[in-house]
Structure formats: C-alpha cells, structure tokens
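Here the structure is laid out as structure tokens; the discussion comes afterwards.
The values are calculated or read from the model by the stated rules, or taken from the named source; none is laboratory data. Since the structure is predicted, the reported quantities are computational estimates derived from the model, not experimental observations. So basically every Cβ, Gly included, is an ideal-geometry build from the backbone, and we count neighbours across all protein chains shown. Please note that ligands, DNA and RNA were not included when accessible areas were found on the heavy atoms of the full protein model with its side chains. Shrake-Rupley method; radii C 1.70, N 1.55, O 1.52, S 1.80 Å.
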Amino acid sequence: MNLDIKATNLELTPAIKQYIETKVSGLSRFLEKWEKLGSVNVKFELARTTNHHSKGEVFYAEMNIDLGEKMLRAEHSGDDAYKAIDKVKDIMKEEIVGFKQKSDDKVKEKSE
C-alpha cells in the first residue's frame, strides 16, 4: 500500500504522521484482495480550514483510495484533528466493506 500524506494550513508533526500511518495501515486487512492484484494508492489530507477566534479551529480530513477499478473517498470535519482522522478511517472502512460486498455479489451472479 502506497500512502501519500498532505497537510494544509498546519504543520505535519511526526506524531500526527505516525497516527495517520497507523490508522491507514489498519485498513490493509480489508484491502488484501486489491493488494494482491496490484498496488493500492492512498492519499490522505489533513487541513485546518479556519482559525477564527469565535469558532475555534476546524480540521478537515480526507482519504482517497485508488483500487485501480474504483476510487473510494471519505471526508470529515471536526474540532479535533485526531477525531477527524478517526472518523475518516471509520467512514472509509464502511466504504471498503460495502464495495467489497458489491464486487463479491457480482462475482457470485456471474458464476450462477
């Protein structure tokens, strides 16, 4: 799995980078099928969208996974960078599982 991490309007500290890498690597067990077929490319972006004094900081996390045949995307905004990363990982897990079920169902239909 190839992981590309981008930070916008904030410093990508080693702790945040390690946290993102850990969360994304946890999805690899759901992506084994596509990793065997070729490389899986993951693009992760973490951004601070505002630093307004009355609203506080708002963080935006986005993850795109290119499976060759399909692009999966998840995004989430929140007031904490780590919570935004966690939520994006959870959303992406659901996307992967849903896509995996659909592709498995198509294979079953073709074999019947």
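Taking Cα atoms only, the orientation of helix 81-111 departs from the longest principal axis of the chain by about 10 degrees.
In this label model, Asn41 and Thr8 are separated by 1.8 nm, measuring between points 7 Å along each Cα→Cβ vector. Here the sum of -39500 (n - 2.57) over DSSP H runs of 4 or more residues, divided by the residues of the chain, equals -14500 deg cm²/dmol at 222 nm, to the nearest 500. Against the chain, whose longest principal axis is taken from its Cα atoms, helix 14-25 shows a tilt of about 20°. Within the listed set Glu11, Glu69, Glu94, the residue fluctuating most in the Gaussian network model of the chain (springs between alpha-carbon atoms under 10 angstrom) is Glu69. What a 1.4 Å probe finds exposed on the range 1-44 is 48% carbon and sulfur by accessible area, rounded to a whole percent.
GNM on the chain, alpha-carbon springs under 10 angstrom: the most fluctuating residue among Ala84, Ala15, Ala74 is Ala15.
Here the Karplus relation 6.51 cos²θ - 1.76 cosθ + 1.60, evaluated at θ = phi - 60°, turns the backbone of the range 67-73 into coupling constants of 9, x, 8, 8, 10, 9, 9 Hz, with x for every Gly and Pro.
As a calculated quantity, the FRET efficiency between Tyr19 and Asp104 at R0 = 30 Å, using C-beta atoms, amounts to about 0.45. Exceeding 26 Å between C-alpha atoms, which entries from my cross-link table qualify? They are Lys43/Lys87; Lys33/Lys83; Lys17/Lys100; Lys6/Lys83; Lys6/Lys102. The answer is Lys33/Lys83; Lys17/Lys100; Lys6/Lys102.
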